[in-house]
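Chemist: Before I ask anything, let me first share the structure, which is written out below as structure tokens.
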């Protein structure tokens, strides 16, 4: 357990992300497909939320819109106190850089850089200054202190994904979005990374929104949001793998 008092009081009272009346359609006329059908949802700050549903339910579309990676057809999205649906491309790019972290299924590490350099790369590209105390804190928390001089090919899959998590945490983002972050990992490495994500909410107050198809992965979250056919159809608090599987079975997932 991390006992530092410097970084464990980060939990906020406001929601990390909110969406109201969120719609996303693709195509026009007879080919129009409604991927999101008027979504109203809030994601509490300092909590770990998983989004689940059958293939084609809209869960990835929802995450991409919330993260500013895709443009909503209608509705509003707030990250913290900022409405991102009104931002121009330059402002949205800056917000994604400064307030959002991403952890994807592919680790997206630069193969020629060390783990430490991969973690600090976004700050370096933004011509910012690395907070050494915070860097040391997150790399210690994620168990990476003895791997920082290693390049990606010298790390296991779980270690590479922990580097990606550390990179996402370094800028102290409002929220971290995870898109199937354990999809390329074996069960042991996946559990390792999910445990680290859960610790980052409990011990750093980080807000995490994760899309997954795996009931075991979802069981690490504080809440599971269920989607079907572009709509919210339920949620589970304090989920277990069994309760998630049962809920998905009712949706035909």
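Chemist: Looking at the range 10-56 only, could you name the residues that are in contact with a helix residue (DSSP H, G or I) (Cβ under 7 Å, 6 or more places away or on another chain) and part of a strand (DSSP E or B)?
Modeler: Listed by number, the residues that qualify are 17, 19, 22, 24, 35, 36, 39, 48, 50, 51, 52.
Chemist: Considering only the range 196-232, state which residues are part of a strand (DSSP E or B) and within 20 Å of residue 143 (Cα to Cα).
Modeler: Answer for the range 196-232, where residues must be part of a strand (DSSP E or B) and within 20 Å of residue 143 (Cα to Cα): just 208.
Chemist: Report every pair of residues separated by at least 6 positions or lying on different chains whose Cβ atoms are under 7 Å apart, first residue within the range 238-251 and closer than 13 Å to residue 224 by Cα, second assigned to a helix (DSSP H, G or I).
Modeler: Once the first residue is closer than 13 Å to residue 224 by Cα and sits in the range 238-251, its partners that are assigned to a helix (DSSP H, G or I) give 239/218; 241/215; 241/216; 244/215; 244/218; 245/215; 248/215.
Chemist: Next up: Condition check: at pLDDT 90 or above, under 30 Å from residue 42 (Cβ atoms) and surrounded by 13 or more Cβ atoms within 10 Å (Cβ to Cβ). Does residue 79 satisfy that?
Modeler: The answer is yes for residue 79.
Chemist: Counting only residues that are under 13 Å from the mean Cα position of the chain (by Cα) and at positive phi, how many does the range 11-62 have?
Modeler: So the answer is 1.
Chemist: Of all residues in the range 132-154, how many are in a loop (DSSP other than H, G, I, E, B) and either surrounded by 15 or more Cβ atoms within 10 Å (Cβ to Cβ) or within 22 Å of the chain's Cα centre (by Cα) (or both)? Write out each step before concluding.
Modeler: Our first condition is that a residue be in a loop (DSSP other than H, G, I, E, B); within the range 132-154, this holds for 142-151.
After this cut, where a residue has to be either surrounded by 15 or more Cβ atoms within 10 Å (Cβ to Cβ) or within 22 Å of the chain's Cα centre (by Cα) (or both) as well, the list is 142-144, 147-148, 150-151.
Counting residues in the range 132-154 that are in a loop (DSSP other than H, G, I, E, B) and either surrounded by 15 or more Cβ atoms within 10 Å (Cβ to Cβ) or within 22 Å of the chain's Cα centre (by Cα) (or both) gives 7.
Chemist: Just for the range 63-86: of the residues that are closer than 23 Å to residue 105 by Cβ and in a helix (DSSP H, G or I), which one is nearest to the chain's Cα centre (by Cα)?
Modeler: 63
Chemist: Do we find a residue being free of Cβ contacts under 8 Å to residues at least 40 places away in the same chain, out of contact with any strand residue (DSSP E or B) (no Cβ under 9 Å at 6 or more places or on another chain), surrounded by 14 or more Cβ atoms within 10 Å (Cβ to Cβ) and not in a helix (DSSP H, G or I) anywhere in the range 91-112?
Modeler: Looking for residues that are free of Cβ contacts under 8 Å to residues at least 40 places away in the same chain, out of contact with any strand residue (DSSP E or B) (no Cβ under 9 Å at 6 or more places or on another chain), surrounded by 14 or more Cβ atoms within 10 Å (Cβ to Cβ) and not in a helix (DSSP H, G or I), one finds none in the range 91-112, hence no.
The values are calculated or read from the model by the stated rules, or taken from the named source; none is laboratory data. Everything numeric here is computed off the predicted structure, so don't read it as measured data. All Cβ positions, even for glycine, are placed from backbone atoms using ideal geometry, and neighbour counts span all protein chains on display.
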